[in-house]
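See structure below.
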Amino acid sequence: MKRPIAMIAGTGHAVPKRVFQNSEFASIGIDTSDEWIQERTGIKQRHLAGEGENLTTLSTEAAKAAMARAGVTAAELDAIIVGTASPDHLLPSSAVEVQAALGATRAAAFDVGAACSGWLYSSQVAEGLMAAGSAETVLVIGAEVLSRIVNWKDRNTCVLFGDGAGATVLKRSTKHRGFLSSYMRSDGTLAQLLDRPRGGAADPLTPEIVASGEHFIRMQGREVFKNAVRSMADACDRALDGAKLSGNDIDLLIPHQANIRIIEATAKHANIAMDKVYVNVDRFGNTSAASIPIALSEAIATGRVTEGKTVMFVAFGAGFTWGSMIHRF
Ligand code: ACO
């Protein structure tokens, strides 16, 4: 087990006001049903960003809550890292927009592109900055407004996703609290199974691309499912090995909230009973990089994570990217 370098000192989250129920897809011409969505994914509803809500506003709200809980002011932040696949602008980064909104004048700010693994990757980058002595206090955010990059005519994808932001303040470890192990991997040979095929700098937007919808998220669900189950199982093993722990030692598993079946398969592999697994995919859908920090923020607010508890995080997303971390609170 490594000596903890970084610990989570405060968490917060924010989701849009508008709740969109499974039953509402019929009203926008999508041929699906509440029963199909719940059976295949466990999702009942998701929050969708409306007028005046965007990645920066949600991230800033979540960040303020996390900073208040950590007792940290904007001036104390050395770095702000935002994991996202749906930035408000392609240039500049979301992190600098949050930096400006918070008035965090001393902070270096940048985004991490690791899709649903975004918060996990960002936390490991933050840990690295702290290990190098480049930062003492880092704001790590996972945030998405996926509703603005999904194809609302494609029932294979539009039923899955939701919007939101989760924020964590990382400080230097005290009293053996902090990350006990960290693991991340990727496999870009499988990128086409979940991507936005056109509209980037390689293939800039044209009226023809917009008409084809190829600038939206495209996914081969079954293949993604199989890879997610395999990779999240591997990531649990690696995190447990790294911390010299077993599934029995984990008080709470907080997996990326993509699909209840993926969550159940991951928990089973790690030998963790479902009553020790945090699930909110039913209420928020898949919020990609935001899902783990939103779940952690809720788990702390409701007393499921308290001092001394050992929590394992595990994620998988487009790229493919995946990873895990174990944290003692
Ligand atoms: N409503 C009704 N029917 C649908 C819908 C829908 N929303 N979407 C697809 N179908 C139909 C398909 O057209 C297909 O019909 P057909 O047999 O007549 O061709 C049928 O349902 C079965 O489709 P599959 O894609 O094989 O269904 P599957 O059981 O694999 O479930 C799902 C689909 C839920 C997408 C599943 O594959 C999955 O969860 N994959 C993981 C995807 C994921 O989580 N991606 C998020 C990003 S990565 C991550 O976060 C881990």
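The values are calculated or read from the model by the stated rules, or taken from the named source; none is laboratory data. What you are looking at is a predicted structure, and each value in this text was computed from that prediction instead of being measured. Quick reminder, even Gly has a Cβ in these numbers, built from the backbone with ideal geometry, and neighbours come from all protein chains shown.
Per-residue answers, yes or no, for (1) polar (S, T, N, Q); (2) farther than 19 Å from Asp78 by Cα; (3) assigned by TED's automatic domain parsing to the domain that holds Ala49:
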residue: Ser123; (1), (2), (3): yes, no, yes
residue: Ala126; (1), (2), (3): no, no, yes
residue: Met130; (1), (2), (3): no, no, yes
residue: Ala135; (1), (2), (3): no, no, yes
residue: Ser147; (1), (2), (3): yes, yes, yes
residue: Cys158; (1), (2), (3): no, yes, yes
residue: Phe161; (1), (2), (3): no, yes, yes
residue: Val169; (1), (2), (3): no, no, yes
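Residues in the stretch 153-177 that are within 12 Å of the ligand (Cβ to nearest atom) and either over 20 Å from the mean Cα position of the chain (by Cα) or assigned to a loop (DSSP other than H, G, I, E, B) (or both): Lys153, Asp154, Arg155, Asn156, Val159, Leu160, Gly162. For beta carbons closer than 7 Å, sequence separation of 6+ or different chains, a first residue in the stretch 209-235 that is in the same structural domain as Gly188 (by TED's automatic domain parsing) and a second that is charged (D, E, K, R) and buried (at least 18 other Cβ atoms within 10 Å of the Cβ), the qualifying pairs are Ile209/Arg198; Glu214/Arg198; His215/Arg198.
For the stretch 38-76, the set of residues classified as outside any helix (DSSP H, G or I), in contact with a Gly (Cβ under 6 Å, 6 or more places away or on another chain) and more than 14 Å from the ligand (Cβ to nearest atom) consists of His47 only.
Scanning the stretch 261-292 for residues being under 16 Å from the mean Cα position of the chain (by Cα), farther than 13 Å from Asp163 by Cα and near the ligand (Cβ under 9 Å from one of its atoms) gives a total of 1.
Return the residue satisfying two criteria in turn: it lies in the stretch 1-21 and is exposed (fewer than 15 other Cβ atoms within 10 Å of the Cβ) and at pLDDT 95 or above, and of such residues it is farthest from the ligand (Cβ to nearest atom). First the steps, then the outcome.
Taking the stretch 1-21 and keeping what is exposed (fewer than 15 other Cβ atoms within 10 Å of the Cβ), we get 1-3, 17-18, 21.
Pick out the ones that are also at pLDDT 95 or above and you get 17-18, 21.
Numbers: Lys17: 24, Arg18: 20, Gln21: 14 Å.
It comes out as Lys17.
All conditions in (1) of a type in the set (Asp, Glu); (2) in a loop (DSSP other than H, G, I, E, B); (3) more than 21 Å from Glu144 (Cα to Cα) hold for Glu35, with the sole exception of (2). Summed over the stretch 287-329, the residues that are in a helix (DSSP H, G or I), surrounded by fewer than 21 Cβ atoms within 10 Å (Cβ to Cβ) and of a type outside the set (A, V, I, L, M) give a count of 1. Going through (1) free of Cβ contacts under 8 Å to residues at least 60 places away in the same chain; (2) crowded, with 22+ Cβ neighbours inside 10 Å; (3) within 17 Å of the chain's Cα centre (by Cα) one by one, Ala104 falls short only on (3). Glu24 passes every criterion in (1) touching a strand residue (DSSP E or B) at 6+ places or on another chain (Cβ under 8 Å); (2) within 14 Å of the ligand (Cβ to nearest atom) apart from (1). May I ask you to verify whether Ala135 is hydrophobic (A, V, I, L, M, F, W, C), part of a loop (DSSP other than H, G, I, E, B) and either more than 14 Å from the ligand (Cβ to nearest atom) or buried (at least 18 other Cβ atoms within 10 Å of the Cβ) (or both)? In short, yes. Does Asn259 satisfy being over 24 Å from Gly188 (Cβ atoms), surrounded by fewer than 24 Cβ atoms within 10 Å (Cβ to Cβ), in contact with a helix residue (DSSP H, G or I) (Cβ under 8 Å, 6 or more places away or on another chain) and not charged (D, E, K, R)? Answer is no for this residue.
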